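Everything on this sheet refers to the single structure shown next.
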Amino acid sequence: MLEAYNELLPVSGNVLLLVVVILSWMYFFFNSFTYKLKHIPTVGGSSNILLSYISSLRYNFHGQEMIQEGYEKYKGSAFKVPTMTRWLVVISGPQMLDDVRRASDEYMSLDASESEILQSKYTAGKAIHSDPWHANFFRAPLTKHLSNRHEGIVEEVLSAAEDIFRGLKTDGFQVTVHEIAKKIIARGSSHIFVGLPLCRNADYLQLSEKFTMEVFLSSHLINVFPKVFHPILGCLITGKVTKTVKQVENYIRPLVQIHTNQKVQSEETVDNEFGNLVTWMVDEAMASGRPIDLDDLTRRILGTNFVSISSMAAALTDALFNLAAYPEYASPLRQEIESVVGAEGWNKISVAKMVKVDSFIKETQRLGTGGVTGNRQLLKNFTFSNGIFLPAGTYFAFASHSTHRDEAFYSNSTEFQGFRFSDVAPEEVDDPKHQMVSLTPEYLIFGSGRHACPGRFFAAFVLKIAFAYIVLNYDVEFPENGRLPDHWWFQTVCLPDVKAELIFKKRLQMG
């Protein structure tokens, strides 16, 4: 009897192990998003757990093609594409967009989604990952500061452009466009983030640019690997980013000390009407009882720079490429700029009256936007008004690039028409829906609803000044045999060719 039991024991153990493996696999499968999202059609590969990882490799280099395929098949509905770290559900159509716009924050989170995309736990810091409170600056505080700082921002953008172009020859100079755009945008943005004189400090600006590149490359590197590898990659990346942060701390420390001392010594509240992001964060920290952590503040400032420099520099680069590719727009643009600047000078009013400039940049962004925008992570189960159900934890986004090239919304949708949004009926000239900062179901560059990009007014203001200055003062053309460069795509990220060059010829008659 005992011998028979001993013979059965190894068999029973193997059976038990097999049962545990099967039950574990079943638990994993039925709790995976592969199962939870089985009702959402898959585009670009198999919905099988293992095969989806293979399909995700295609997403890295053909992401927009997959999004376009899904948009054409399921327009106004939802589909999913496999990425290495998650399923991404892509939605489209005014109805679903409006559902998201109306949804409360208890159902979906922009911050959680952006944090995952940028892998902020490893790239920006764990504190920012868990509590991105500094993002509130882009809402009411930035609007307040912008209303008081228009003249200063105009002066800084014009000064930056003049400094950068000062060495250009009258007969033309060939330069990398994206480098010029980054420098102008960095100066204009830093004016309201750290103020004078730091916004003109070459070393500080170079470090900010370095941080931006480190975060961009690091986040994409992490996201091309399964999540199990993220902590390992994060450890390798964190040290490099931290080194840059420590270097920037040397520039931020004096600003924090000066403002903190003013707050402590003053019996009354220090007027921050003409402050910047640094002083606002110090005020917020002191008012809420948060410790003033220099490392944390520096990371938040650099994180804000990242958002500003990367997106705005890309837009300005694309706009200059289009100016060279379609030179017929230069003359009417100059006429408008000369007219409004001659009457109003360089200020908030004149920039608002540059409707052709606004249209040209908006059309540039319409055709140059990435594959998706308006990323969200669901915090609770959510059912759209068309009946589509998505479980809590789902990541989803809008099919922006496909929407912008949809003939249902734009005639000759793939054709660049620089004055598409300014050549409208007289009664529609003042309609806000035509402006670059507008939020409409067919123009998704800034997202939608309460979580639409709050910095879009600042971005539009800086972009229009920089672009208008260049149009007014320089002729722009491609080098010999040059043409409009193709965009660079990775997953659904769309970037202008950062190595492409243009020839800038200073105009003899200045406007």
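The values are calculated or read from the model by the stated rules, or taken from the named source; none is laboratory data. Since this is a predicted model, take the numbers as computed values, not measurements. Quick reminder, even Gly has a Cβ in these numbers, built from the backbone with ideal geometry, and neighbours come from all protein chains shown. For the accessible areas, the whole protein counts, side chains as well, though only heavy atoms, and no ligand, DNA or RNA atoms are used. Shrake-Rupley method; radii C 1.70, N 1.55, O 1.52, S 1.80 Å.
Considering only residues of the stretch 337-363 that are free of Cβ contacts under 8 Å to residues at least 40 places away in the same chain and not in a helix (DSSP H, G or I), which is least open to solvent (accessible area, probe 1.4 Å)?
GLY345
Does PRO454 count as surrounded by 18 or more Cβ atoms within 10 Å (Cβ to Cβ), in contact with a Phe, Trp or Tyr (Cβ under 6 Å, 6 or more places away or on another chain) and in a loop (DSSP other than H, G, I, E, B)?
yes
Counting only residues that are in contact with a strand residue (DSSP E or B) (Cβ under 8 Å, 6 or more places away or on another chain) and under 28 Å from ARG300 (Cα atoms), which one in the stretch 82-102 is surrounded by the fewest Cβ atoms within 10 Å (Cβ to Cβ)?
It comes out as ARG86.
Please state which one of SER189, SER147 is at pLDDT 90 or above, under 18 Å from ARG456 (Cβ atoms) and out of contact with any strand residue (DSSP E or B) (no Cβ under 8 Å at 6 or more places or on another chain).
Only one candidate qualifies: SER189.
So which residues in the stretch 457-489 are in contact (Cβ under 8 Å) with a residue 60 or more places away in the chain, part of a strand (DSSP E or B) and either surrounded by fewer than 16 Cβ atoms within 10 Å (Cβ to Cβ) or not hydrophobic (A, V, I, L, M, F, W, C) (or both), if there are any at all?
Hits for the stretch 457-489 are TYR474, ASP475, GLU477.
For the stretch 342-351, give me each residue that is among the aliphatic types (A, V, I, L, M) and under 17 Å from ALA460 (Cα atoms).
ILE349, VAL351 - these are the residues of the stretch 342-351 that are among the aliphatic types (A, V, I, L, M) and under 17 Å from ALA460 (Cα atoms).
Within the stretch 307-336, which residues are open to solvent by 20 Å² or more (accessible area, probe 1.4 Å), among the hydrophobic types (A, V, I, L, M, F, W, C) and more than 18 Å from VAL471 (Cβ to Cβ)?
The answer is VAL307, and nothing else.
Can you tell me how many residues in the stretch 59-90 are over 23 Å from the mean Cα position of the chain (by Cα) and among the basic types (Lys, Arg)?
Residues that pass the stated criteria total 2.
Yes or no, residue by residue, for (1) over 16 Å from the mean Cα position of the chain (by Cα); (2) hydroxyl-bearing (Ser, Thr, Tyr); (3) at pLDDT below 95; (4) under 20 Å from ILE117 (Cβ atoms):
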position: VAL357; (1), (2), (3), (4): yes, no, no, no
position: PHE360; (1), (2), (3), (4): yes, no, no, no
position: GLN365; (1), (2), (3), (4): no, no, no, yes
position: VAL372; (1), (2), (3), (4): no, no, yes, yes
position: SER385; (1), (2), (3), (4): yes, yes, no, no
position: ILE388; (1), (2), (3), (4): yes, no, no, no
position: THR403; (1), (2), (3), (4): yes, yes, no, yes
position: GLU407; (1), (2), (3), (4): yes, no, no, no
position: ASN412; (1), (2), (3), (4): yes, no, no, no
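Can LEU196 be described as within 25 Å of ILE470 (Cα to Cα) and not in a helix (DSSP H, G or I)?
yes
Residues LEU221, LEU207, LEU236: which one is among the aliphatic types (A, V, I, L, M) and without any contact (Cβ under 8 Å) to a residue 12 or more places away in the chain?
LEU236
How many of the residues in the stretch 387-432 are exposed (fewer than 15 other Cβ atoms within 10 Å of the Cβ) and either under 27 Å from ALA325 (Cβ atoms) or polar (S, T, N, Q) (or both)?
Here the count works out to 8.
What is the residue count in the stretch 274-296 for residues that are of a type outside the set (Asp, Glu) and not in a loop (DSSP other than H, G, I, E, B)?
Count: 11.
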